[in-house]
Amino acid sequence: MNLGYRLAYRLGFTPWERAGRRTFSAQLAALLDGVAPPAAGAKALDLGCGTGDHSIQLGIRGWSVTAIDAVPLAIERARAKLPIAGADVRFVLGDVTNLPAYVDSGYTLAIDVGCFHGLSDDQRTAYGNGLGAVTEPGAQLLMFSFSPGHRGPLPRGASRGDVEQALGGWTVIGDDAMDTSEASGILAMAKPRFFRLVRD
């Protein structure tokens, strides 16, 4: 998927960025409202951050954010959005399947808005292992995912079982269908969900 994303950013075809801002940002914000406000210096991780809109929102909420993506142009555009008053955000070019090589540890919140659901099985396992290594017990993960399906070049999606298998040290505490009443046809047909997990 990485080559496809690189090409998409070069061509300016990034509908997931637009959907993230317009379609489900309110639902993600509501889920974040349910997370306890961060203590001073509390650390959050944005996995597959794209151009950083969600990372910046986390920073504005008071989190110290590290945001990672494998697409150089996405990270370049994300960095161009800083500085923003009140947002402590660091954008890192790196691989979510090898997190300890790119980020430090001690994170108590992670978000994934459309990254995991495009990974292969082996990549998902590596993602889960790395995420466990850099987060604290009790850390929370909010994950957006298409439901499983064959969609050509689009992400294959992930079921709750897929998430539980790859993140063995985490417990799913929420599995919520996304409100697609204002979504485009393709997004609505993908039956997206938000999973909420807590690290054991």
Residue hits (segment 41-73; of a type in the set (A, V, I, L, M), part of a helix (DSSP H, G or I) and within 14 Å of the chain's Cα centre (by Cα)) are 56, 58
Condition first: crowded, with 17+ Cβ neighbours inside 10 Å, within 15 Å of the chain's Cα centre (by Cα) and free of Cβ contacts under 8 Å to residues at least 40 places away in the same chain. Can you find one or more residues in segment 129-139 that meet it? yes
Would you pick out the residues in segment 140-159 that are touching a residue at least 24 places away in the same chain (Cβ under 8 Å), out of contact with any helix residue (DSSP H, G or I) (no Cβ under 6 Å at 6 or more places or on another chain), over 25 Å from residue 38 (Cα atoms) and surrounded by 15 or more Cβ atoms within 10 Å (Cβ to Cβ)? 147, 154, 156
Quick one: what pairs do we get from segment 171-200, first residue polar (S, T, N, Q), second part of a helix (DSSP H, G or I), C-beta under 9 Å, 6+ apart or different chains? 171/164; 180/187; 180/188; 180/189; 181/188; 184/15; 184/19
Listed by first then second residue, the pairs whose first member lies in segment 61-81 and is free of Cβ contacts under 8 Å to residues at least 60 places away in the same chain and closer than 14 Å to residue 96 by Cα, whose partner is part of a helix (DSSP H, G or I) and not hydroxyl-bearing (Ser, Thr, Tyr), with beta carbons under 8 Å and at least 6 positions apart or on separate chains, are 67/78; 68/96; 68/99; 69/75; 69/78
I need the full set of residues from segment 112-137 which are within 21 Å of residue 28 (Cβ to Cβ) and in a strand (DSSP E or B), in order please. 112, 113, 135
Of the conditions (1) more than 15 Å from the chain's Cα centre (by Cα); (2) of a type outside the set (Asp, Glu); (3) crowded, with 20+ Cβ neighbours inside 10 Å; (4) at pLDDT below 95, the single one that residue 191 does not satisfy is (3)
Of these, 154, 109, which one is under 20 Å from residue 50 (Cβ atoms) and in a loop (DSSP other than H, G, I, E, B)? 154
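The values are calculated or read from the model by the stated rules, or taken from the named source; none is laboratory data. None of the values given here were measured: they were computed from a predicted structure. So basically every Cβ, Gly included, is an ideal-geometry build from the backbone, and we count neighbours across all protein chains shown.
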